[in-house]
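Peer 1: I'd like to ask some things about the structure below.
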Amino acid sequence: MNRKDIDWIIVRGALISLLLSIIVSSSLVVGSFYFKEAMNREFNMHNATFMNISQRYLAIDEEEKQIKTYLPEFIDLYNKGVIGEEQRLNWLEMLRESESSIRLPALAYTINSQRPYTPAFPVDLGRFKLYASEMSLQLSLLHEGDLLNFLKNMDQKASGLFTVNNCKFSKSGSIVLDNPKAVNVSVDCNLDWYTIKLADGTEIKVQS
């Protein structure tokens, strides 16, 4: 077949159609690529938002569980005077009541100013801070058992939490007297009363 026998009008139309098809196909391929990229970016954005919301929801859910678990204990410690302001007035009333109920011959006490307290072992207090108030006791006793009764009475009736750091005993004489008002033993004790407060100084108020 000679070139003269070719109908160039038909061929040109076919070539133009082919070229247009290639252009359209290429455009569709390029467009689909960019569309896919745009969809991926939108998916990643929405997925990140979803994950963020999910994590916040899980955090709130976990916080709610912790509140349900620890809130009763927190309220109990607050009502017992461990959390919040120190119960100095209660301590003094308890000392007078204990002295009267146990019938101690004599009792003297001093309470130092409250101070920040650092335990000997690591404790994660979070937003809270631990304080201690040192109390010195000078007791005149009929016998050593009165001290145990006195400390037991304090533990049962006082608001707050305390530890006995040390006690020093001394006999008042070589003869043990049987008179209930007699002083056979003198004791000097040092105690620490503990209080937990918010580290920023905000007052803690709990409705029990």
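Peer 1: Please go through (1) in a helix (DSSP H, G or I); (2) buried (at least 17 other Cβ atoms within 10 Å of the Cβ); (3) hydrophobic (A, V, I, L, M, F, W, C) for F162 and return the number of the only condition it doesn't satisfy.
Peer 2: (1)
Peer 1: If we keep just the residues of the stretch 100-150 that are modelled with pLDDT under 90 and of a type in the set (G, A, S), which is farthest from L191 (Cα to Cα)?
Peer 2: Out of the qualifying residues, it is G126.
Peer 1: Quick check on G126: is it closer than 30 Å to V183 by Cα, loosely packed, with under 12 Cβ neighbours inside 10 Å and not hydrophobic (A, V, I, L, M, F, W, C)?
Peer 2: Criteria not met by G126.
Peer 1: I would also like to ask the following. How many residues are surrounded by 12 or more Cβ atoms within 10 Å (Cβ to Cβ), modelled with pLDDT of 75 or more and not in a strand (DSSP E or B) when one looks only at the stretch 173-208?
Peer 2: So the answer is 4.
The values are calculated or read from the model by the stated rules, or taken from the named source; none is laboratory data. In this text the structure is predicted, and so the values were computed from the model without any measurement. FYI the Cβ positions are ideal-geometry reconstructions off the backbone, even for glycines, and counts take in every protein chain you see.
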